[in-house]
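Student: This is the structure I have questions about; it appears just below.
Coordinate-derived values only; no laboratory data. Because the structure is a prediction, the values reported are computed rather than measured. We place every Cβ from the backbone using ideal geometry, glycine too, and count neighbours over all the protein chains shown.
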Amino acid sequence: MTSLDDFIRKTAANYLQSVVFVDDKIYVHQSPQDNENIIPNSFSGLKSQYTDETASTEKNNAGHEEENSSVKHDNAIEGSEVFHPRDLMESFARYGIVCALYEPRKGFKSDPTSDLFCLCERADVVILDWDLHTDDGDGVSALLAELIKKSAAALPHHVRLCALYTDRPNLHQIMDRLLEKLTQQGCPVDVIEEKLQLISGATRISIFGKPHTAGRPPEDKPYEVEEADLADTVISEFASLHHGLMPAFALHGLASVRRNTKRLMDRFDAKLDGAFLLHRALVLDDRDAFDELPDLLSDEILAVLEDTRLNRETVSKIASAAIEQLPIVKAGRTWTNSAGKALDCDPIFRELLLGGETKFRASLKKSNQEKELGKGGFRGITAQLLKDFDEKLNSGESWAERLAALFCNRTQYGDDGRKLSFGTVVRHKNNEESPWEYSVCLMPICDSQRLTEPWNFPFWRLKADAKSGNVGKRNGIVIIDPENNTQCLAAGGKIRGMLWQQKFIPSQGGTVVAKRNDNRFRFDVQGMIIEWVAELKPLHAQRIAAHMGTEATRIGLVESEWLRLFCDR
């Protein structure tokens with residue numbers, strides 16, 4: 001296991017907090033010799049909540065203790081230990097993970113309004129028995145289909161791990177039946193045969209067998225998991241969903257926030273209510289202080305992330321492991337040495353990733369490519385060499401552009417209409433046949449709300465020349481358009497050619513809102529087609545505004561050209 005793999009697994013264990021285990025025999029199969037049952041006989045006071053079938057079983061057990069001592073799984077091997085959910089709970093308890101037990105009643109429902117669905121939707125991991133009340137997987141299949149559909153409709157980025165844990169002998173047969181059921185429910189499913197896994201959207205379903213099951217085929221034996229080992233297996237499966245440097249660090253950050261939830265809540269003490277309401281009253285004519293609370297909370301979350309960051313030694317080990325595993329593809333341009341012979345540039349590129357400019361320059365010098373880096377280091381690098389770097393990481397699309405978009409844009413997690421404000425990137429054209437152009441809104445935030453009449457909003461045009469190698473001063477951004485394509489844009493130029501205005505009618509809330517149409521958000525304006533595309537992070541928008549301010553305050557004077565040229569060198 002590499003340093004990266006170890007980090008991902010530990011992070012997954014720290015992140016996971018809740019597991020739901022669903023089985024129809026949790027309260028039935030108990031050995032009377034075990035005096036530490038998690039559901040003791042005194043618990044029978046809740047018998048009124050059980051099904052008639054369970055109540056009948058308990059009555060028979062009370063009068064036939066000797067017979068009860070031989071109760072086993074339907075498919076258990078004679079003489080093997082009886083399954084006990086306590087072992088399963090303790091396996092998760094060792095990691096500080098809460099494992100909730102749920103025994104569905106006969107004829108249970110699995111629609112989005114059911115108790116079972118609501119419980120499973122909230123859990124980090126869901127573990128299900130396949131055959132609930134001898135229904136041959138019908139109930140579990142229906143539940144999984146509803147969870148998959150809800151995830152696709154409301155939470156398309158939410159990764160969910162579900163596991164089937166069953167004493168049915170043939171596990172491959174279960175996978176085939178589940179695949180058939182999910183397909184009938186309209187859920188697109190991919191099969192990973194070598195792992196007994198099904199993937200549908202962001203949901204992964206793994207199939208495991210309870211041990212000591214009679215008649216299990218030899219090819220299914222590797223998928224058996226002891227109750228005491230189930231937590232380790234589930235954590236490993238969850239870690240595999242987030243394998244990679246960036247997913248692991250995101251999970252590490254979320255785990256840090258989860259562990260510090262109480263401390264975060266203490267910072268927002270109820271005793272501050274009066275002071276906050278006073279602050280709100282004092283600024284109410286200008287803005288509503290409730291709009292400031294997200295920033296206040298995010299600053300505290302940022303403090304948690306910064307205080308739980310990894311040390312340099314750990315980061316170095318993780319990065320080295322990630323670089324070693326990183327797939328490198330061939331760039332379109334062939335690198336050659338001083339003799340014109342083609343070079344294997346993969347090791348040179350990995351040297352760059354490991355050691356930055358110093359190691360990379362040394363490698364380039366050996367291959368007579370140093371001229372492409374320039375005397376200014378990476379500040380003087382050629383556009384072609386940057387394109388080579390991008391191509392070597394490219395697996396069909398530019399992930400360097402995707403990362404740039406992550407740096408530039410504020411992610412939109414809500415499905416509501418999009419507001420027009422400072423930093424909003426729009427695309428616009430005069431008619432349906434014209435090509436799209438892009439601009440960024442420079443209306444100050446305070447001037448874009450509490451509007452009572454139509455108002456002109458200023459925009460700065462963006463050019464699609466961010467990667468052209470132009471030596472002019474520009475501020476680059478990357479956005480992702482409604483078609484999920486990246487657009488590399490640059491904000492530069494002079495006010496006379498870049499600044500324009502458009503009048504908008506505010507909504508009842510006093511802001512200009514774009515209405516949703518499929519996956520697009522369009523503003524209601526006359527004479528133009530304008531769509532909301534992205535929201536820049538504040539500092540990226542401020543940089544563009546600062547450029548415009550510099551252009552507006554630029555001083556034109558007559559001076560010695562000889563001296564100006566010297567000073568510009």
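Student: What is the sum of charges around Met443, taking Lys and Arg as +1, Asp and Glu as -1, for the other residues whose C-beta is under 14 Å from the C-beta of Met443?
Tutor: That works out to +1.
Student: Let me ask another. Pull out the extension gain between Asp307 and His279, defined as 0.36 nm times the separation in residues minus the alpha carbon to alpha carbon distance; nm, one decimal.
Tutor: This chain segment gains 7.2 nm when fully extended.
Student: Suppose every K and R has +1 on its Cβ and every D and E has -1 on its Cβ; what is the size of the dipole of the chain about the Cα centre, in Debye to the nearest 20?
Tutor: 3780 debye
Student: Using the crude model of +1 on Lys and Arg Cβ and -1 on Asp and Glu Cβ, and no other charge, please compute the dipole size for the range 410-552 relative to its Cα centre, in debye to 20.
Tutor: That gives a dipole near 480 debye.
Student: Taking the simple approach of a point 7 Å from Cα along Cα-to-Cβ for both Lys317 and Asp266, what is their distance in nm?
Tutor: 3.1 nm
Student: So, counting K/R as plus one and D/E as minus one, what does the shell of residues with Cβ under 12 Å around Ile495 add up to?
Tutor: +3
Student: For the range 476-512, list residues with backbone N below 19 Å from a point placed 7 Å from the Cα of Arg564 toward its Cβ?
Tutor: 493-496
Student: For the range 442-535, which semi-axes, largest first and in whole Å, follow from the square roots of 5 times the eigenvalues of its Cα gyration tensor?
Tutor: After diagonalising the Cα gyration tensor, the semi-axes are 27, 18, 11 Å.
Student: Looking at the chain, what % of its DSSP beta bridges pair antiparallel, to the nearest 5?
Tutor: So the antiparallel bridges in the chain amount to around 70 percent.
Student: Semi-axes, largest first, in whole Å: what does sqrt of 5 times each Cα gyration tensor eigenvalue give for the range 155-291?
Tutor: One finds semi-axes of 47, 19, 13 Å for the range 155-291.
Student: For Asp288 and Lys106, calculate 0.36 nm times their separation in residues minus their Cα-Cα distance, and state this gained length in nm to one decimal.
Tutor: 60.3 nm
Student: Right, another one. For Asp416 paired with Ala153, estimate the spin-label separation in nm (one decimal), with each label point 7 Å from Cα along the Cα-to-Cβ line.
Tutor: That separation, rounded to one decimal, is 2.2 nm.
Student: About the Cα centre of the range 261-307, how large is the charge dipole given +1 on each Lys and Arg Cβ and -1 on each Asp and Glu Cβ? Please answer in debye to the nearest 20.
Tutor: About 260 debye.
Student: When only alpha-carbon atoms count, how far does the range 144-212 stretch along each of its three principal axes, as whole angstroms with the largest first?
Tutor: 40, 21, 20
Student: Let me ask something additional. Stick to Cα atoms and the Kirkwood definition of Rh, then tell me Rg/Rh for the range 261-307.
Tutor: Across the range 261-307, the Cα-based Rg/Rh ratio is 1.04.
Student: Excluding Ala466 itself, calculate the net charge of residues whose Cβ lies under 12 Å from the Cβ of Ala466, where each Lys or Arg counts +1 and each Asp or Glu counts -1.
Tutor: Neighbourhood net charge equals +1.
Student: Quickly estimate the mean residue ellipticity at 222 nm for the chain, helices only: each DSSP H run with n ≥ 4 gives -39500 (n - 2.57), and the total goes over all residues, rounded to 500.
Tutor: Using -39500 (n - 2.57) per qualifying helix, the result is -12000 deg cm²/dmol.
Student: Let me ask something else. Using θ = phi - 60° and the Karplus form 6.51 cos²θ - 1.76 cosθ + 1.60, what ³J(HN,Hα) does each residue of the range 493-509 get, whole Hz, x for Gly and Pro?
Tutor: x, 9, 4, 4, x, 10, 8, 8, 10, 8, 8, 10, 9, x, 7, 5, x
Student: Ok, one more. Given the pairs Lys10/Lys359; Lys317/Lys359; Lys149/Lys210; Lys429/Lys503, which are separated by over 22 angstrom at their Cα positions?
Tutor: Violating the 22 Å Cα-Cα cut-off are Lys10/Lys359; Lys149/Lys210.
Student: Can you tell me what the convex hull of the Cα atoms of the range 386-455 projects to on average, as an area in nm²?
Tutor: Mean orientational projected area (the range 386-455, Cα hull): 8.0 nm².
Student: Could you grab the relative contact order for the chain? Cα pairs under 8 Å, six or more apart, rounded to a whole percent.
Tutor: Relative contact order comes out at 11 percent.
Student: Still on this structure: Largest first and in whole Å, give the semi-axes of the chain's equivalent ellipsoid, each being the square root of 5 times a Cα gyration tensor eigenvalue.
Tutor: The three semi-axes for the chain are 56, 33, 23 Å.
Student: Once the dipole of the chain is set up with Lys and Arg at +1 and Asp and Glu at -1 on Cβ about the Cα centre, which of Leu198, Asn517, Asn475 lies farthest towards its positive end?
Tutor: Asn475
Student: Now for a different question. Quick check: residue separation of Val329 and Ile199 times 0.36 nm, minus the Cα distance between them. What number comes out in nm?
Tutor: Computed gain between Val329 and Ile199 is 44.1 nm.
Student: Taking every DSSP beta bridge that has both residues in the range 173-300, what percent is antiparallel when rounded to the nearest 5?
Tutor: Of those bridges, close to 90 percent are antiparallel.
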